[in-house]
Amino acid sequence: MSKEEAGVRLVISDPKIGKTRQIEVDDKKIRPLIGNKIGDTVSGNPFGFPGYEFQITGGSDSDGVPMRFDVHGGVRKKILMSKGPGYHPKRRGLRRRKMVCGNLITEEMAQINLKVVTWGKKPLFEEKEEKAEKEEKKVLFPIKMD
């Protein structure tokens, strides 16, 4: 599947309730994000979330290479890492040279991670859907008392 077919995935996390939501967005709606860095805040209006503001916390490009906050620009670099996004050592003190993307959002990004900073009126997570799923589970597995 090519990048044109897939679009860009936004991973939106809500720290108040501790849930995450993934949505696929067209490349046209991502244009306001291009050129922003990790830590910048953006409006939720282009994505269909009026009143919300999101903070960019990271992401990855189409090859799965993670973004790194301390690599400047929209480039890929191999850096010596001891921890953090993209590398988790098995032992303390291990370091490894890994490929990472810079902290600038470019057209090559396939996933962008966002955190809610300002909440709007419409909820991000519908409670009705969760209740409907619980009711379906109850119907699927009824308990028989004999």
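Here, each number is a calculation from the coordinates, and none is a lab measurement. Worth saying up front: this structure is predicted, and the values here are computed from it rather than measured. Please note: Cβ atoms are built from the backbone with ideal geometry, for glycine as well, and neighbour counts cover all protein chains shown.
Side notes on the structure shown:
- Charge dipole (the stretch 55-122, unit charges on Cβ, about Cα centre) - positive-most of THR106, GLY59, LEU80: LEU80
- Relative contact order %, the stretch 40-95, counting alpha carbon pairs below 8 Å whose residues are six or more apart: 19
- Evaluating 6.51 cos²θ - 1.76 cosθ + 1.60 at θ = phi - 60° for every residue in the stretch 106-119, the Karplus couplings come out as 10, 5, 7, 5, 9, 9, 10, 9, 10, 10, 6, 10, 10, 8 Hz, glycine and proline recorded as x.
- Residue-wise HN-Hα coupling along the stretch 85-93, computed from phi with Karplus coefficients 6.51, -1.76, 1.60 (Hz; x: Gly, Pro): x, x, 8, 10, x, 7, 10, 5, x
- Along each principal axis, taking the top coordinate minus the bottom one, the Cα set of the stretch 12-84 gives 40, 30, 21 Å in descending order.
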